[in-house]
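What follows draws every value from the coordinates through simple rules; no lab data is involved. Just so it is clear, the model here is predicted, and its values are computed rather than measured. Cβ sites come from the backbone with ideal geometry, for glycine too, and all protein chains shown count toward neighbours.
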Amino acid sequence: MDIEQSDIIQMIYGTIESPDTWQAVLDKISRRTHSTHAFMAARSDIDEQPIGFYEQGFEDGHFERYQEHFYQVDVWTQGLGNNRYNQFHASHDVCDDKGFLNTEIYNDFAKPVDIRHSIGCLLAPPSENIITELAFMRGTKQEHYDQSTIETVNTFLPHIQQSLSLAQKLQGTQQEKIKVHQVFNGLNEALIVCRDLDHIEFYNSAAEQLLTTTKLFKPNRKNQLRFQNPAFQKKYTQAAHACLNSLHGIQQTVTPSFQQQFYCSDQATRYRVQLKPWLHKRMTPWGETAMPGVVISVEACALSRYIAAEEIRELYTLTRSEADICSRLLNGMTIDAIADVRNSELSTVRQQVKSCLAKTHSNSQQDMINKILRQLLVE
């Protein structure tokens, strides 16, 4: 492989993140093949207008002037459709050369810009319903494309196919990322998404408020999540390691169910920090890869003062046991821990929590906690 060929292949893969550079790729290949014009068009069928288009060597608006009529009379592309896909063919092999000179496509489109000879290719991956056409063209004073030139251009096709496939997957990943951001920002709880152990990839608006208004944690210069209290940082690191370890050997299509949590506080508020493992999609030159990470949710569970069961009973008609369970939930205990402390069956405590939800007209455990806290500590 010579240096120029290597440069072209590198440029082809550069189009994955910068599709507009396809025009530069067409120009580079045109120079290598002594072509004066080139275009690249994506279509749903060979006689349909392009849904994506790049060209080199044509005046602005040359294709637009012909609009649908060009694609209806394009015997050259229709000739390609009757030959083997995914490799280049010369125009004099797919069309009757002398007959081509009498066609509408030649006299109205090609001849005015001095196009006489062409090579073209239709790329049609079996798993997709999009056909990509690539074409390079020469003038009347030049020779037909010989087999050596066709073989040279064919060497770029696997890289072009790979780059187009990766670009499509990247676009899908970016769209999925937008959806994730929209969902995360629609939640009231603070959510932070980290790649690997602690590299922040994204945080929603609720987490941004925590990052800017509390002294609980903040990103360092490397955009790594750091708790200000060393003891809390240690708890976070241990929980994050456990989440990442739970991903070993898991299939990329499986949603991880493992989770870890711990409690921490700043000067005024106690928080529950919950971590879950997360496999997020990342595009690489070898295709789509699921990278390990963690999703961190942070919720205020109570202020620093203790919320007594009797305070809760003054608000709602709860039994002493129900009020005690609510008090413990508000002060940061889990249902499992409450069952241990009360020496009760876990199923019993869960049933009592359901009763508390009904009596406080709450939709969830967190909804109940927030409602009681607002009444006791805000109003």
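At a glance:
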{"quantity": "Count of residues meeting criterion [in a loop (DSSP other than H, G, I, E, B) and either under 42 Å from the mean Cα position of the chain (by Cα) or among the basic types (Lys, Arg) (or both)] in the range 81-130", "calculated": "16"}
{"quantity": "Elements of type helices (runs of 4 or more DSSP H) in the range 296-377, at least 2 residues being of a type in the set (S, T, N, Q)", "calculated": "320-330, 346-359, 365-373"}
{"quantity": "Hits in the range 195-224 - residues which are among the aliphatic types (A, V, I, L, M) and in contact (Cβ under 8 Å) with a residue 12 or more places away in the chain", "calculated": "Leu197, Ile200, Ala206, Ala207, Leu210, Leu216"}
